[in-house]
Structure formats: C-alpha cells, structure tokens
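K.L.:
Following this message is one structure expressed as structure tokens.
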Amino acid sequence: MGAESRDLGGLTFVDLRDRYGITQLVFNMDENAALCEQARRLGREFVIQAEGVVRERSSKNPNRATGDIEIDVRSLTVLNESKVPPFTIEEDTDGGDDLRMKYRYLDIRRASVQQNLIFRSRLALETRKYLSEQGFIEIETPFLIKSTPEGARDFVVPSRLNPGQFYALPQSPQTFKQILMVAGMDKYFQIVKCFRDEDLRADRQPEFTQIDCEMAFVHIEDILNTFEGLTKHLFKHTLGLELGDFPRMSYDDAMRLYGSDKPDLRFGMQFVEMNDFAKGSGFSVFDDAELVVGICAKGIAEKYSNKDMKDLTEWLQRPQIGAKGLVYVKYQEDGSIKSTVGKYYSDEALQQWAEKFGAQKGDVIFVLSGEAEKTRKQLNELRLELGRRLELIRPGDFKPLWVLDFPLLEWDEEAGRFFAMHHPFTSPKKADIPRMMSGDHETMKSLRADAYDLVINGAEIGGGSIRIHDKELQSKNFDLLGFTKEEAEAQFGFLLGAFEYGAPPHGGIAFGFDRLCAVMNGQSSIRDFIAFPKNNQGRDMMIDAPSPVHEEQLQELGLEVKAGK
Ligand code: ASP
C-alpha cells in the first residue's frame, strides 16, 4: 500500500510501502503505455497489487533497505483507493499530535511508529522469556476491583447488579500480588494495564502498562539482583548493549548530591554544599539561607557571555522553577575571577570555593540559596538544563542506578497527615521497626523503608519494596496514615485477614513498561510507544471517548440523571 507515482521521461516510478519497507515500482511508457497510464492515476495511500520482475537498480538508494532493487511491473491491480490523507505519512510528518491521534491508523503506517510498536512487542517477549526462565508464573489479576483512598485517583465503574455501588479499575495489582504470595505462588509476574485518574503529561497516560512482579521468601538483594538481571537481559536482547553492574545510592545521597530521587548520571555536576565556607561574609542572601549549594560547569567561562547568564537567570526565575536569583563565579582562562558576589568575597575566598568544587580555569560555579528542599529542587532543574544546553548527554548512553532507603512516610503540612512515600504496604527497615512501634511524631519522619527505585538516565523506570507481612505492623502503618481501625478493616480487611494465615516474607517491584520502551529508545514521550494513546485531556481522539451515555443506561445503573443533561 502507499502508492504514489512520479514521472521521469518515459518512466513512471511508484513507491510501494508495506510493513517491511518501501519498494520502487517502475513502469515503462515505451513497453506498456496503458499500464503506465494506470500507474500515473494512482494516488497516495492507494492499496495495490503488482506483479513484475525484480531487478537491480541503476541508481541505488543507500538510505533504504530495499534501495538496491526495483520491480519492473508487468501487471497492476488497484485493491482499494484512498482519500488524500490529512498529513504526510513520512518520517517527518506535518501532522499535529491530536490529528495524528485521530487518524492513528495512518500515523501507525509511518515506519518510526511501526518500529516503536515492534520494539515494544520484542521487549514484552524478552521480559516473558527471562522471567519464565527464572521460574516466574504469569498470573492475571482482576480489572474490576475495589476503590481505595490511597495513591492516585481511581477510575470507577458503576455496577448494574449492585445499584449505587462501584468497582474501581486497579492503579496496580498491588494487593492481589501480595495475596498471591500468601497463596504460595512464590514468583508472580504480569505485563498488566494499570489505571490512574491523574493530570496528564507527555510521560503519563491514564492507562499504562507495568511489568509487575512479586517474590516470596526474599531479601532486598534477591529482588535487586533479579530485576537488574532482567534489565540487562532486555538491553542485551533488544539493543545489543551490555550494561555493567548498576551503581546504588541512598535516597539521602541522591537528594544531597543531585537534588532529585532520580538523578541523571549521564553527566557529572554533583552538588557541593557551601554553608561551611560561604556563610558569614556579610552577604545576607547566603547568611539568611538554610542552604547554600552550587554546581560547577566545566569549560564555559569564556563561552558563556553576560547575555547567556541573564538568559539562564531568567529561566530559573520563571514561576515553574521560582529561584530568586543566580550567583555565579567565572574562573577566566587568564586567571582572573568574575563573579556576581565580588563585593562580599575576595579573590582568595573565591579561589577556595574553586578548590571545594574542583573548579579550574575556564570553569563556572553556579550557586543557589534558600530553603533547603526548594533550593535543591531548583538546582536540580538548573543542572539538567545545563546538561541540555551544554550538550553533555551522549546519544545512546545509558546510566542505570538503584536508589535505596527511601523515607517510609512523608508529612503533608497542608493535609496535616502522613502519606506513604511508596505505598501503605511497604515495610520499614527492620532496624526502624521498634522506633515505628513506639516513637513520637518526629521519629516517624525519620523512618526508612525497604523501598527501592530503578532509575535510568534520570527517568524512574521502576519501584518496589519489601512488604509488611505482619498484621500488627500493617495495622500500625494504617494507623500512622490516618486510617481508623474500622476504615482499615473496610478497605483492606481481606489483606489483613490473609496475613493471619501464614503470610511469608515477600517483596516486589513494578517497571513502567511504556516508559522503559521510550527511555531505551532515547525518547521522552511514552505516547509513541502506545498503539492508541490518549491526549492531554485524557481523550481518545480516534473513537472520541469519553462520551455521554444514554439515559436508559444511566437508569439501569441506578445513577441519577441530572435535569437538562
Ligand atoms: N505497585 C507498585 C507501583 O505500582 C509497585 C510495587 O511496589 O511493586 O508502583
């Protein structure tokens, strides 16, 4: 399919496209004028059948797999005509996102989208191969489950047979996979759809796919090794890349050194905390700050003009980032030092800064200050932006990292309560259990969890934890999360009940499958790896969903019909 003709002297050429590539068809006016006329009437995206002789091309196209050959056509049948498509079906299409989604069947005809879907299929196949070889069993869990208040918002489904009651679509199979561990299926996995009613971004979809896993009788080390093994296997068998052993970093170190729990390790620029040597010189911006912290960019002192600095400062001051200002120190090639804080710091003092940062001639130190958490976040944004602007990231480079020892609980000032940093089933570290059972409010903030994330190139690929398998500890956790005994029983009674029948120690992890596809292909949007994605308003543009339903349907479901609707 995909025929369109070009005429050149007595010859007519047609590009014929199918899943396997583009083949050039040739029609010769002198040999068969009627056939040639027929070819000239072909339009874009017509579906045709052609017979002829395959021969070597005189002018080859090295950019195409099939560019060495052409077909000298002897007969041609039009199987179906096509309207002119609303955008060009080529690598660089002129179609906007919504248009491409509306005509997704045309968009998928583009080789790059096809390649993405083929990649996804191979990745799923390799996942199944690896995990089954490791003894995992693929088990399906239900999609119509119970709504829970924790985590993101649920999509709910009204029940006709139980008027006024609702199912929820699973945000993940979390409780079911834990129940499977109690049920003795000690190595479970599933490549599974999950549903979360969240605000959308390029890397988020309301329905997405996870590689979801759980194992019984394991320690953290068993899980990390198994899933590091899976990741290495996937890279090797789809991209042909050997990844070395993955480094590990604690959550605290990740925040201190990169201001992020998913640091991009494809380039350096670790944070250097400066409270010890930058405070106390009369510069009130620093003196009054909880944290003064900086990064060093190599070799840009001469390259970065005052205008570049102004641009960067304005970029940081945008409301999305919200930095008050940017302090910088340029160590010029000629040995001189230019800075925005020369009034408060002598050249000797600034030379000392250079030593702390390992800065040399030609380098620039950028410094932010303020409330610690906020400042770290802002400096993380600056670091990533400099990575992009200075092109520090090599295409095809992959830097995986395990981030470990996340806090168990997060205090939400506004809501006045704790939230689980991972989810309510995550176990505190063994050493922290006594403090959790008897500690005060402040103690709870310092509890660490047996939780881990896999990060690749600054994207969170997966996360998991060792779970609580003890009823008392689980009840305590629900209590800390603000559930009354009755609420916990109503929501999670089945799990607490299961824990009374010999629950083994267990833990697991889930990988974001769509994101893994995108990251492995160096892309940031997961949409192009999903056959039928939704747009930013959560709409399926092709089938036009969501949509109203008939009044009778609502009545049947026992749902109130609002007047005027
Ligand atoms: N269910 C968790 C999630 O969706 C993953 C896990 O803890 O295994 O993030």
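K.L.:
Could you give the length gained by full extension between SER75 and LEU241, i.e. 0.36 nm per residue of separation minus their alpha carbon distance, to one decimal place?
P.N.:
On the way: separation 166, 0.36 × 166 = 59.76 nm, distance 4.55 nm.
Here the segment from SER75 to LEU241 would lengthen by 55.2 nm.
K.L.:
Can you tell me which lysines have their Cα less than 16 Å from the Cα of LYS485? Leave out same-chain residues fewer than eight positions away.
P.N.:
LYS471, LYS476
K.L.:
Give the dimensionless ratio obtained when the Cα radius of gyration of segment 1-158 is divided by 2.2 N^0.38 Å.
P.N.:
Working: Rg = 22.8 Å, N = 158, 2.2 N^0.38 = 15.1 Å.
Relative to the 2.2 N^0.38 Å estimate, segment 1-158 comes out at 1.51.
K.L.:
Normalised by the number of residues in segment 232-288, what is the relative contact order in percent for Cα pairs under 8 Å and 6+ residues apart?
P.N.:
Numbers: 25 pairs, mean separation 9.2, N = 57.
Reported as a whole number, the value is 16 percent.
K.L.:
In addition: Grab the DSSP H runs of the chain that are 4 residues or longer, score each as -39,500 (n - 2.57), total them, divide by all residues and round the 222 nm result to the nearest 500 deg cm²/dmol.
P.N.:
Calculated mean residue ellipticity at 222 nm is -8500 deg cm²/dmol.
K.L.:
Work out the FRET efficiency for SER547 and ALA65 from their Cβ-Cβ distance, taking R0 = 51 Å, and round it to the nearest 0.05.
P.N.:
That gives a FRET efficiency of 0.75.
K.L.:
Of the listed pairs LYS262/LYS430; LYS236/LYS399; LYS232/LYS399, which have alpha-carbon separations greater than 21 Å here?
P.N.:
On the way: LYS262/LYS430 25 Å; LYS236/LYS399 15 Å; LYS232/LYS399 12 Å.
Beyond 21 Å between Cα atoms: LYS262/LYS430.
K.L.:
OK, next. List the residues whose amide H sits under 5 Å from the amide H of SER339, counting only those 5 or more places along or on another chain, with H placed 1.01 Å from N in the peptide plane.
P.N.:
LYS330
K.L.:
Please label the shape of segment 23-81 as rounded, prolate or oblate, based on the square roots a ≥ b ≥ c of the eigenvalues of the alpha-carbon gyration tensor (a/c under 1.5 means rounded; beyond that, a/b larger than b/c means prolate, else oblate).
P.N.:
On the way: a/c = 2.11, a/b = 1.38, b/c = 1.52.
Oblate shape, in that a/c is at least 1.5 and b/c is the bigger or equal ratio.
K.L.:
So for segment 103-249, taking the charge dipole from beta-carbon charges (+1 Lys/Arg, -1 Asp/Glu), which of PRO247, LEU224, LEU117 sits furthest toward the positive end?
P.N.:
Result: LEU117.
K.L.:
Once phi is turned into θ = phi - 60°, what whole-Hz ³J(HN,Hα) does the Karplus curve with 6.51, -1.76 and 1.60 give for every residue of segment 417-428, x standing for Gly and Pro?
P.N.:
Once rounded to whole Hz, the list reads 8, 7, 10, 6, 5, 9, 7, x, 9, 6, 7, x.
K.L.:
Cα gyration tensor of segment 286-343, axes a ≥ b ≥ c as square roots of the eigenvalues: rounded (a/c below 1.5), prolate (a/b > b/c) or oblate? Provide the component values of the computation, followed by the final result.
P.N.:
On the way: a/c = 2.19, a/b = 1.37, b/c = 1.60.
Cα axes put segment 286-343 in the oblate bin.
K.L.:
Loop only per DSSP, at most 16 neighbouring Cβ atoms within 10 Å: give me the chymotrypsin sites (Phe, Trp or Tyr not before Pro) in segment 464-523, ordered by residue number. Numbers along the way, then the final one.
P.N.:
Details: sites: PHE478, PHE483, PHE492, PHE494, PHE499, TYR501, PHE511, PHE513; in loops: PHE483, PHE499, TYR501.
Taking segment 464-523 and a limit of 16 other Cβ atoms within 10 Å, the loop chymotrypsin sites (Phe, Trp or Tyr not before Pro) found are TYR501.
K.L.:
What is the antiparallel percent of DSSP beta bridges lying wholly in the chain, to the nearest 5? Provide the component values of the computation, followed by the final result.
P.N.:
Numbers: 83 of 91 bridges.
Antiparallel: roughly 90 percent of the beta bridges in the chain.
K.L.:
Rg and Dmax in Å for the chain, alpha carbons only: what are they?
P.N.:
29.6, 94
K.L.:
Report the gain in length on full extension from GLU414 to ASP311: 0.36 nm times residue separation, minus Cα-Cα distance, nm rounded to one decimal. Each step should come with its number before you reach the end.
P.N.:
Details: separation 103, 0.36 × 103 = 37.08 nm, distance 3.44 nm.
Additional length available on full extension: 33.6 nm.
K.L.:
What are the ³J(HN,Hα) couplings of segment 114-126, residue after residue, when phi is run through the Karplus curve with 6.51, -1.76, 1.60 and θ = phi - 60°? Round to Hz, x for glycine and proline.
P.N.:
Residue by residue, segment 114-126 yields 4, 4, 4, 6, 5, 4, 4, 4, 5, 5, 5, 4, 5 Hz.
K.L.:
Can you give me the % of accessible surface on segment 43-141 that is carbon or sulfur? Probe 1.4 Å, all protein chains present, nothing else counted. It would help to have the intermediate numbers written out before the result.
P.N.:
Working: 2800 of 5890 Å².
Answer for segment 43-141: carbon and sulfur cover 47 percent of the accessible area.
K.L.:
Give me a comma-separated list of calculated 3J(HN,Hα) values for segment 314-328, in order, Karplus coefficients 6.51, -1.76, 1.60 applied at θ = phi - 60°, integers in Hz, x for any Gly or Pro.
P.N.:
Whole-Hz 3J(HN,Hα) from phi for segment 314-328: 5, 4, 6, 8, 4, x, 4, 10, x, 6, 6, x, 10, 9, 9.
K.L.:
Another question, if that's okay. Suppose all protein chains stay in the model; what accessible area per residue would a 1.4 Å probe give for the chain, in Å²? Don't skip to the answer; put the middle values down first.
P.N.:
Working: 28820 Å² over 565 residues.
Heavy-atom SASA per residue in the chain reads 51 Å².
K.L.:
Hey, another quick one. Can you spot the lysines whose alpha carbon is less than 27 Å from LYS83's alpha carbon? Ignore those fewer than 8 places along the same chain.
P.N.:
LYS102, LYS534
K.L.:
While we're here: Would you mind classifying segment 383-424 by shape? Square roots of the alpha carbon gyration tensor eigenvalues, ordered a ≥ b ≥ c; an a/c under 1.5 is rounded, otherwise it is prolate if a/b is larger than b/c and oblate if not. Kindly include the intermediate steps, with their values, before the conclusion.
P.N.:
Numbers: a/c = 5.12, a/b = 2.19, b/c = 2.34.
Verdict is oblate for segment 383-424.
K.L.:
R0 = 25 Å: FRET efficiency of GLU51 with ASP7, Cβ-based, nearest 0.05?
P.N.:
0.70
K.L.:
Same structure, new question: Excluding same-chain pairs closer than 8 in sequence, count the lysine pairs in segment 272-341 whose Cα atoms lie under 21 Å apart.
P.N.:
17
K.L.:
Counting other Cβ atoms within 10 Å, keep those with at most 14, restrict to DSSP loop, and tell me which chymotrypsin sites (Phe, Trp or Tyr not before Pro) in segment 1-102 are left. If you can, show how the numbers build up before the last one.
P.N.:
Numbers: sites: PHE13, TYR20, PHE27, PHE46, PHE87; in loops: TYR20, PHE87.
Sparse-neighbourhood loop chymotrypsin sites (Phe, Trp or Tyr not before Pro): TYR20.
K.L.:
Okay, next question. FRET efficiency for GLU333 and PHE398, Cβ-Cβ distance as r, R0 = 56 Å, nearest 0.05? The partial results should precede the final answer.
P.N.:
Values: r = 34 Å, r/R0 = 0.61.
Result of the calculation: an efficiency of 0.95.
K.L.:
Find, among the GluC sites (Glu not before Pro) in segment 206-269, those assigned to loop by DSSP (not H, G, I, E, B) with at most 10 other beta-carbon atoms within 10 angstrom. List each step's numbers first, then the result.
P.N.:
On the way: sites: GLU207, GLU214, GLU221, GLU228, GLU242; in loops: GLU242.
Passing both the DSSP loop test and the Cβ count: GLU242.
K.L.:
Please report the net charge: other residues with Cβ closer than 13 Å to the Cβ of ASP98, K and R +1, D and E -1.
P.N.:
Numbers: positive: ARG100, LYS102, ARG104, ARG527, LYS534, ARG539; negative: ASP97, ASP107, ASP540, ASP544.
That works out to +2.
The values are calculated or read from the model by the stated rules, or taken from the named source; none is laboratory data. Just so it is clear, the structure is predicted and the values come from calculations on it, not from any experiment. FYI the Cβ positions are ideal-geometry reconstructions off the backbone, even for glycines, and counts take in every protein chain you see. We work out accessible area using only protein heavy atoms, side chains counted, and drop any ligands, DNA or RNA first. Shrake-Rupley method; radii C 1.70, N 1.55, O 1.52, S 1.80 Å.
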